[in-house]
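This report concerns only the one structure given below.
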Amino acid sequence: MSSRVIGGRDTEGVVLVEIGDRVSVLTFNRPGVGNAVTPEVIAQLSRAVQRLREWAAATPVAAAVVVTGAGNRAFVSGADLRYLESIESPEEMGSFSQTMQEALAELEDLPVPVIAALEGAGFGRGTEVAWAADLRVMARNAYLSFKYARVGVVPGWGGCGDSSRWWAAAALLLMATAAEVSAEEAFRLGLVNRVVEPGEALAAARGWAEEMAALAPLSVRELKRLLRHAASADRKASAAEETLAFVRLWASEDHKEGLRSLSERRVPRFQGR
């Protein structure tokens, strides 16, 4: 059933809201820079989510919210690089991380399902916007990029905590049905990350280990620690821990080297500090 636009359609702003009778749409609206996030985007996102919360509360037939990005270049490309370059203190970086975590938590807590529609790529922390949704639809030619360790940082918008929900959902399905799971089905459910031919598992595992070894070691270790912490902590505690780690690694030499290597288009030389 299609939904009429009943509450108006925003035409200006970096975050747009289209209120319908059953379905509303939230759009990140900075297509020229891949819908990158700045403090202004976060402020408008918070106001947009509050408007959607009021709509859902006042509209008995409200069914869902769709989240997307303007244009076809990117869903959300992460944080705006020009803004990041202007940050002068760890406190400012921590505030930027925390306020976006709070905005995405508000989006996640909407009383109706939230569906992310990815027509373009999701880069870095932009993927964390998709994880705040309950469901995700992705165009075949779109892709996700998790390059935190490539530039010596970790997620800063709650990505580690949100990811734990995928595992819990798959585990519940299997345990509640006492199912025997083939390699292909385990892959489909996200319980294993690759299926290879018999006799090739050790070589494939070694290959992944070598890829990890080429990245920033501080980031790789923090990613494991944060993900394990998220599985046993509440959301606020997990988000706070993630912010601290992000700010710490943002100031690391490996992060500076990662950014330099990208601008100079060369392989990074990480030192673990």
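Largest first and in whole Å, give the semi-axes of the stretch 7-143's equivalent ellipsoid, each being the square root of 5 times a Cα gyration tensor eigenvalue.
24, 17, 13
Order 270, 28 by their accessible area, 1.4 angstrom probe, all chains in place, largest first.
In descending accessible area the options line up as 270, 28.
Ranked highest first by average number of other Cβ atoms within 10 Å, how do 98-104, 125-131, 249-255 line up?
125-131, 98-104, 249-255
Which order do the peptides 69-77, 237-245, 39-47 take when ranked by the mean count of other beta-carbon atoms within 10 Å per residue, highest first?
Those peptides, ordered most packed to least, come out 69-77, 237-245, 39-47.
The values are calculated or read from the model by the stated rules, or taken from the named source; none is laboratory data. None of these values were measured; they are calculated from a predicted model. Positions of Cβ are backbone-derived with ideal geometry, glycine not excepted, and every protein chain shown enters the neighbour counts. Areas reflect the complete protein model, heavy atoms only, side chains present, ligands, DNA and RNA absent. Shrake-Rupley method; radii C 1.70, N 1.55, O 1.52, S 1.80 Å.
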